[in-house]
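Since the structure comes first, as structure tokens, the remarks are kept for the end.
The values are calculated or read from the model by the stated rules, or taken from the named source; none is laboratory data. The structure presented is a predicted model; accordingly, all values stated were derived computationally and were not measured. Here the Cβ positions follow ideal geometry from the backbone for every residue, glycine too, while neighbour counts run over all protein chains shown. Surface accessibility is based on the protein's heavy atoms, side chains included, excluding ligands, DNA and RNA. Shrake-Rupley method; radii C 1.70, N 1.55, O 1.52, S 1.80 Å.
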Amino acid sequence: MASSAAATDRAALVKAFDETRTGVRGLVESGVSVVPDIFRHPDPYASTPLAPPGVSIPVVDLSLPAPLAAEAAAGAARDWGFFYLVNYHALVPSGFTDRLLAAVRAFNELPAAERAAHYGRSVDGGVNYFSNVDLYRSGAASWRDTIQVMFGPSRADEERIPAACRAEIVGWDAHATAVARAVMALLCEGLGLRGETLEEASCLEGKVTVCHYYPVCPEPERTMGIVPHTDPGVLTILAQDGVGGLQVKHTNEDGESYWVDAKPVPGALVINVGDLLQMMSNDNYKSVEHRVVMNSHEEARVSSAIFYNPGKRGDSVFYGPLPELISSGNPPKYRNFTMSEFLGAFFKRDLASKALIEHFKI
């Protein structure tokens, strides 16, 4: 009975928080000096140690000759599932990501009443502003607010994007997609496939942008920005500001696991493999856990990611290990599935669940 009562109390507190329509930023504006109970994670940073000094995620230089860049990207995707991308500026105007992140910050720091007009969990029109996608399913909420925009396969009504960051978010869709096309080609070539293989499988056509705002936290050791999770899609392109907090879980050749800081690198994007690409590559590439830890800075953290997924979603369109990678010596490790089945499995779990890839394993 006690646990049932506690669950009822928590549900009421979650609902009350959501109905303020001002997110975690609203809590900070109200002057909270402690993290409210619904955001408290039991011992959030105890499970896995931090990496030894000097360990960093790899760097892929897009200005290298294509074979060398493909080799570097494939190695990073195979060993780490994450990498920094540098020298991509032929695809993204100089200074653009700084302007994007500044615009996202500006929206989140508008007066509460102006933000509240955009707040809601409905994805009508393809745009919403909310706190915690799994707020009502997770055991503990995380210290962040989010603007989410669907850019494909159905495109959002751009007029619903908050005016403070509309032009920048729309521009980010175009520029990040150029980057994603180049990175997908490298990853295909690294598998011995034609560079267009993932694009022809519609993997640039499903696009969701999320712009996260992590307010200053009065007790950073008691909560998290994002819990450990893997991304469900094919590929993620991330721009982050200079505050930091992203950490990637890495297992070395000796089987030791630790959290590695993906520190902000000026001029670099962060690229990571998602669950779908791990399955499509038949485990050649890996989707790894990552998280955002709360920082002790007196400044909020801002990031913007685009998740790429297949856009063709009919009941007769199946995804799974790419046929070119399968042989008698290398049988499929996953069964085929439709995107509707995949998305259904994703939305039934909370963000921290590891069950998505397991669900499709043979």
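Exactly one residue out of Gly23, Gly31 is touching a strand residue (DSSP E or B) at 6+ places or on another chain (Cβ under 6 Å), at pLDDT 95 or above and either of a type in the set (Gly, Ala, Ser) or open to solvent by 80 Å² or more (accessible area, probe 1.4 Å) (or both), and it is Gly23.
Residues of region 37-63 that are outside any loop (DSSP other than H, G, I, E, B) and open to solvent by less than 60 Å² (accessible area, probe 1.4 Å): Ile38, Phe39, Val60, Asp61. Against the conditions (1) open to solvent by less than 70 Å² (accessible area, probe 1.4 Å); (2) of a type in the set (Lys, Arg); (3) more than 22 Å from Asp231 (Cα to Cα), where does Arg144 fall short? Just the number, please. Failing condition for Arg144: (3).
For region 189-200, filtered to residues that are in contact (Cβ under 8 Å) with a residue 40 or more places away in the chain and not small (Gly, Ala, Ser), the residue that is surrounded by the most Cβ atoms within 10 Å (Cβ to Cβ) is Leu198.
Selection within region 139-160: residues that are within 23 Å of Glu19 (Cβ to Cβ) and part of a loop (DSSP other than H, G, I, E, B). The member of this set that is modelled with the lowest pLDDT is Gly139. Of the set (1) small (Gly, Ala, Ser); (2) assigned to a helix (DSSP H, G or I); (3) open to solvent by 30 Å² or more (accessible area, probe 1.4 Å), all apply to Ala180 but (3). For region 254-290, the set of residues classified as of a type in the set (D, E, K, R) and open to solvent by 50 Å² or more (accessible area, probe 1.4 Å) consists of Asp254, Glu256, Asp261, Lys263, Asp283, Lys286, listed by residue number. In contact with a Cys (Cβ under 9 Å, 6 or more places away or on another chain) and either among the hydroxyl-bearing types (Ser, Thr, Tyr) or assigned to a strand (DSSP E or B) (or both): does that describe Ser287? No; evaluated as a whole, the condition is false for this residue.
For region 307-330, a residue qualifies if it is farther than 22 Å from Val208 by Cβ and either touching a residue at least 24 places away in the same chain (Cβ under 8 Å) or among the hydrophobic types (A, V, I, L, M, F, W, C) (or both), and the qualifying residues are Pro321, Leu322, Glu324, Leu325, Ile326, Asn330.
On inspection, Tyr84 passes the criterion of being assigned to a strand (DSSP E or B) and closer than 23 Å to Val270 by Cβ. Scanning region 12-36 for residues that are basic (Lys, Arg) and not in a loop (DSSP other than H, G, I, E, B) returns Lys15, Arg25. Of the residues making up region 90-118, those that are touching a residue at least 60 places away in the same chain (Cβ under 8 Å) and not in a helix (DSSP H, G or I) are Leu91, Val92, Pro93, Glu109.
Filtering region 296-336 to residues that are open to solvent by 20 Å² or more (accessible area, probe 1.4 Å) and within 30 Å of Glu109 (Cα to Cα) leaves Ser296, His297, Glu298, Glu299, Phe307.
Criterion first (hydrophobic (A, V, I, L, M, F, W, C), in contact with a strand residue (DSSP E or B) (Cβ under 9 Å, 6 or more places away or on another chain), open to solvent by 60 Å² or more (accessible area, probe 1.4 Å) and over 30 Å from Arg99 (Cβ atoms)) does Ile362 satisfy it? Here the answer is yes, as Ile362 does meet what is asked. Of all residues in region 64-79, those satisfying the criterion of being of a type outside the set (Gly, Ala, Ser) and either over 15 Å from Val273 (Cβ atoms) or buried (at least 20 other Cβ atoms within 10 Å of the Cβ) (or both) are Leu64, Pro65, Pro67, Leu68, Glu71.
Residue by residue through region 220-253, note down the ones that are part of a loop (DSSP other than H, G, I, E, B) and either open to solvent by 30 Å² or more (accessible area, probe 1.4 Å) or not charged (D, E, K, R) (or both).
Of everything in region 220-253, those that are part of a loop (DSSP other than H, G, I, E, B) and either open to solvent by 30 Å² or more (accessible area, probe 1.4 Å) or not charged (D, E, K, R) (or both) turn out to be Thr223, Thr230, Pro232, Gly233, Val234, Gly242, Val243, Gly244, Gly245, Asn252, Glu253.
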